[in-house]
1. Divide the volume of the convex hull of the Cα atoms of the range 151-217 by its number of residues and quote the answer in cubic angstrom per residue.
2. Measure nothing fancy, just the Cα-based angle from helix 149-172's long axis to the longest principal axis of the chain, in degrees from 0 to 90, nearest 10.
3. Using θ = phi - 60° and the Karplus relation 6.51 cos²θ - 1.76 cosθ + 1.60, list the HN-Hα couplings for the range 78-93 in order, rounded to whole Hz, with x at every Gly or Pro.
4. Any of LYS141/LYS164; LYS139/LYS207; LYS59/LYS139; LYS139/LYS169; LYS83/LYS133; LYS83/LYS165 with alpha carbons more than 29 Å apart? Name them for me.
5. What do you get for the angle between helix 175-186 and the principal long axis of the chain? Use alpha-carbon atoms, 0 to 90 degrees, nearest ten.
6. So what's the convex hull volume per residue for the Cα atoms of the range 26-122, in Å³?
7. How long are the three semi-axes of the equivalent ellipsoid of the chain, in whole Å, if each is the root of 5 times an eigenvalue of the C-alpha gyration tensor, listed from largest down?
8. Work out from phi, with θ = phi - 60° and the Karplus expression 6.51 cos²θ - 1.76 cosθ + 1.60, the ³J(HN,Hα) of each residue of the range 34-42, listed in order in whole Hz, and give x for Gly and Pro.
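Just so it is clear, none of the values below were taken in a lab; they were calculated from the coordinates. If you're wondering where the values come from, they're calculated on a predicted model, not measured in any experiment.
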Amino acid sequence: MLRQEKLEEITDGRRYGINDMVRADAGGCKGCSKCCETMTNTIILSPLDVYRIERQTGKSFNELLDGHIELNMADGLILPNIKANKNGCNFLSEDKRCTIHSERPDFCRLFPLGRLYEDEGFSYILQVGQCDKALSKVKVKKWIDTPSLKEHDEFVLKWHGIIKKAGAKSAAAGDDERKKIVMGLLNEFYMTPYRDFYPEFFERANKYEMEIARWLLTE
Ligand code: SF4
Ligand code: SF4
């Protein structure tokens, strides 16, 4: 969790709920694509993000790795992120529009909002100094434009917990077990396709948590 002083430096200091109004609406970003051009490798993708992008592009995870996304170390794990080219995000068209807008990653849906995880839950925060436009007020729920919100939020919390737990276990494990934790996560949650995302994700999440416990017991 971010230190309180740090949080106050980068946000407006408030925590928002799903039904709160927040000054985050960039009005469709008309004439501006700065964020999409300067994102470098910062957009780490969750399994749900990858599932949505696969659906939108018709490409498999391995096909996406051949140009659109890449793997990097993050939080002691290997996780996919959107790959940037010299013009910015690989999903940005020549006329500077997002080619996967309806299935864009969670990070892009939220921006300039972010999530603050605390007390077994999360709230939304508004990052300041990120957008050059005069932002208008909008309801958080409308801004994040996320279908099946209840299931989605359960997924967000479960995934956050898995990353936290797997990252900590990986940092403390020996080489063999670290490899199982890191590669197991990649195989289980990203490389194996989903047909029906949410139920399959939760099934895999329970299986993976049991596997981590077993691997560490046999270390
Ligand atoms: S800087 Fe603001 S207006 Fe420009 S792309 Fe980012 S959010 Fe949109
Ligand atoms: S996925 Fe779309 S919204 Fe997100 S950075 Fe790329 S072009 Fe921008």
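1. Values: hull volume 4.6 nm³, N = 67.
That works out to 69 Å³ per residue.
2. Between the helix axis and the principal axis of the chain, the angle is about 50 degrees.
3. Using θ = phi - 60°, the values come out as 9, 10, x, 9, 5, 8, 9, 10, 5, 9, x, 4, 5, 9, 8, 7 Hz.
4. Numbers: LYS141/LYS164 26 Å; LYS139/LYS207 37 Å; LYS59/LYS139 33 Å; LYS139/LYS169 38 Å; LYS83/LYS133 26 Å; LYS83/LYS165 26 Å.
Violating the 29 Å Cα-Cα cut-off are LYS139/LYS207; LYS59/LYS139; LYS139/LYS169.
5. Long axis of 175-186 versus the principal axis of the chain: about 50 degrees.
6. Details: hull volume 11.5 nm³, N = 97.
Spelled out: Cα convex hull of the range 26-122, divided by residues, is 118 Å³.
7. Numbers: eigenvalues 177, 93, 55 Å².
So the equivalent ellipsoid measures 30, 22, 17 Å along its semi-axes.
8. 3, 4, 6, 8, 10, 6, 6, 10, 7
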